[in-house]
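The values are calculated or read from the model by the stated rules, or taken from the named source; none is laboratory data. The model shown is predicted, which means the values in this text are computed figures rather than measured ones. Cβ atoms come from the backbone with ideal geometry, glycine included; neighbour counts cover every protein chain shown.
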Amino acid sequence: MRGKKVEKRIIKPDIKYGNVPLAKFINFIMKGGKKSVAQGIVYDAFEKMAQISKSDPLKVFEEAVKNVQPQVEVRSRRVGGANYQVPLPVSSARQTALTFRWIVEAARNKKGQPMREKLATVLFEASQGMGDAVKKRDEVHRMADANKAFAHFARFSK
């Protein structure tokens, strides 16, 4: 590898709940550096979730994140002139990144509602173990399960 290892930036907890993962999620929602807009969307979605679920929206958010987190994924490995899809465990940093990406993508792909409502719906569905984000996680797990035969190539990984 060239160069030196880049240090991870420390993210400050969000303003309203004092939660670091939520602050990171707000950063995933953000477009074009407009953090206050992203915060407004997330906090409005949390208020909507509180109405839907009749419980603490932070707990619903944490449950949704836990339900969407992938444990294994497939990575392409070239062995002897052939490419194999090798199932590998997912690191914790990548787990949260994929989780947030899938939740935001599921919300953005819904049509006909404001983003705060779409986000509230997706987070609530994910906390119940259903919805598009959970489907995406299941799809990744299924792919890893289908390629279990190539797991022995994982030891040749970088």
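At least 2 residues that are out of contact with any Leu (no Cβ under 7 Å at 6 or more places or on another chain) and over 16 Å from V60 (Cα atoms) in each: list the helices (runs of 4 or more DSSP H) lying fully within region 80-158 that qualify.
Working: elements: 92-109, 115-127, 132-146.
Those helices (runs of 4 or more DSSP H) span 92-109, 132-146.
Do you know which residues across region 78-135 are within 30 Å of H152 (Cβ to Cβ) and among the aromatic types (F, W, Y)? Break it down stepwise before answering.
First, the residues of region 78-135 that are within 30 Å of H152 (Cβ to Cβ): 78-99, 101-102, 134-135.
Once the filter is applied, which keeps residues that are within 30 Å of H152 (Cβ to Cβ) and among the aromatic types (F, W, Y), region 78-135 yields Y84, W102.
Find all pairs meeting these conditions: Cβ atoms under 7 angstrom apart; at least six residues apart or on different chains; first residue within region 1-29 and closer than 14 Å to T96 by Cα and without any contact (Cβ under 8 Å) to a residue 40 or more places away in the chain; second residue part of a loop (DSSP other than H, G, I, E, B) and charged (D, E, K, R).
From residues that are closer than 14 Å to T96 by Cα and without any contact (Cβ under 8 Å) to a residue 40 or more places away in the chain, the pairs are L22/D14; A23/K12; A23/D14; I26/D14.
Check V90, V65 and return the single one that is within 19 Å of I29 (Cβ to Cβ), buried (at least 18 other Cβ atoms within 10 Å of the Cβ), at pLDDT 90 or above and not hydroxyl-bearing (S, T, Y). Talk me through it step by step, then tell me what you get.
Details: V90 fails: within 19 Å of I29 (Cβ to Cβ).
Of the residues listed, the single one that is within 19 Å of I29 (Cβ to Cβ), buried (at least 18 other Cβ atoms within 10 Å of the Cβ), at pLDDT 90 or above and not hydroxyl-bearing (S, T, Y) is V65.
When region 17-35 is examined, which residues are found to be surrounded by 13 or more Cβ atoms within 10 Å (Cβ to Cβ) and among the small types (G, A, S)?
Correct list: A23 only.
Given A126, A50, which one is of a type in the set (A, V, I, L, M, F, W, C), at negative phi and without any contact (Cβ under 8 Å) to a residue 60 or more places away in the chain? Lay out the reasoning, then the answer.
Numbers: A126 fails: without any contact (Cβ under 8 Å) to a residue 60 or more places away in the chain.
Every option except A50 fails the conditions.
Got a number for residues in region 30-60 being among the aliphatic types (A, V, I, L, M), assigned to a loop (DSSP other than H, G, I, E, B) and either touching a His at 6+ places or on another chain (Cβ under 9 Å) or farther than 19 Å from R101 by Cβ (or both)? Show your work before the answer.
Here is the first cut: in region 30-60, the residues among the aliphatic types (A, V, I, L, M) are 30, 37-38, 41-42, 45, 49-50, 52, 58, 60.
Now drop any that are not assigned to a loop (DSSP other than H, G, I, E, B), which leaves 30.
With the extra rule that they be either touching a His at 6+ places or on another chain (Cβ under 9 Å) or farther than 19 Å from R101 by Cβ (or both), the set shrinks to none.
Selection size over region 30-60: 0.
Among the residues in region 112-121, are any among the basic types (K, R) and surrounded by 13 or more Cβ atoms within 10 Å (Cβ to Cβ)? Outline the logic, then answer.
Here is the first cut: in region 112-121, the residues among the basic types (K, R) are 116, 118.
With the extra rule that they be surrounded by 13 or more Cβ atoms within 10 Å (Cβ to Cβ), the set shrinks to 116, 118.
Yes, region 112-121 contains a residue that is among the basic types (K, R) and surrounded by 13 or more Cβ atoms within 10 Å (Cβ to Cβ).
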